[in-house]
1. Any residue at all in segment 62-77 that is over 13 Å from the mean Cα position of the chain (by Cα), among the hydrophobic types (A, V, I, L, M, F, W, C), at pLDDT 95 or above and in a helix (DSSP H, G or I)?
2. Given the conditions (1) surrounded by fewer than 20 Cβ atoms within 10 Å (Cβ to Cβ); (2) farther than 22 Å from M1 by Cα, and given that F76 satisfies all but one, which numbered condition is not satisfied?
3. Being more than 22 Å from E102 (Cα to Cα) and touching a residue at least 60 places away in the same chain (Cβ under 8 Å) narrows it down to one residue among C56, C9, C52, C86; which is it?
4. Write out, first by first residue and then by second, each pair whose Cβ atoms fall under 9 Å of each other, whose residues are 6+ apart or on separate chains, and whose first residue, in segment 16-40, is at negative phi while the second is acidic (D, E) and surrounded by fewer than 19 Cβ atoms within 10 Å (Cβ to Cβ).
5. Looking only at segment 1-51, which residues are of a type in the set (S, T, N, Q) and not in a helix (DSSP H, G or I)?
6. With V21, V36 as the choices, which residue is at pLDDT 90 or above, surrounded by 13 or more Cβ atoms within 10 Å (Cβ to Cβ) and of a type in the set (A, V, I, L, M)?
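The values are calculated or read from the model by the stated rules, or taken from the named source; none is laboratory data. For clarity, every value in this text was computed on a predicted model and none was experimentally measured. Backbone-built Cβ (ideal geometry, glycine too); neighbour counts: all protein chains shown.
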Amino acid sequence: MADFDEPLCGCLQDMFSCLIVFCVPCGGICIQAYSVDKATSSGMVCPFLWSCCLGCIGSAVNRGQIRQKYHIEGSFIMDCLISCFCGCCAATQEYREVMNRERPK
């Protein structure tokens, strides 16, 4: 198992996701739902509802799905803490990670 390839506080590396998360209402939730869908092909509705209805816990569940797909180290408790205190940065990190790993080769 490995860590995320993308740094948590590297959101300025991708201005698109950074602007969506910080300037669009519910932008972080939408970016995260898109990332989970792109990684798992499970659709965007459930990840969106997880984050909307359960807040940090729902975001942690979504982050866990991405970690599970790419065999990234971590725990549910750490996902909850990151989602609670660094939610915007976490959403952009997950988006960048999925985009880099799913890029056609």
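1. So far as segment 62-77 goes, yes, one or more of its residues are over 13 Å from the mean Cα position of the chain (by Cα), among the hydrophobic types (A, V, I, L, M, F, W, C), at pLDDT 95 or above and in a helix (DSSP H, G or I).
2. Among (1) surrounded by fewer than 20 Cβ atoms within 10 Å (Cβ to Cβ); (2) farther than 22 Å from M1 by Cα, F76 violates only (2).
3. C86
4. Close Cβ pairs (under 9 Å, with a partner that is acidic (D, E) and surrounded by fewer than 19 Cβ atoms within 10 Å (Cβ to Cβ)) amount to K38/E102; A39/E102.
5. S41, S42
6. Criteria check complete, one pass: V36.
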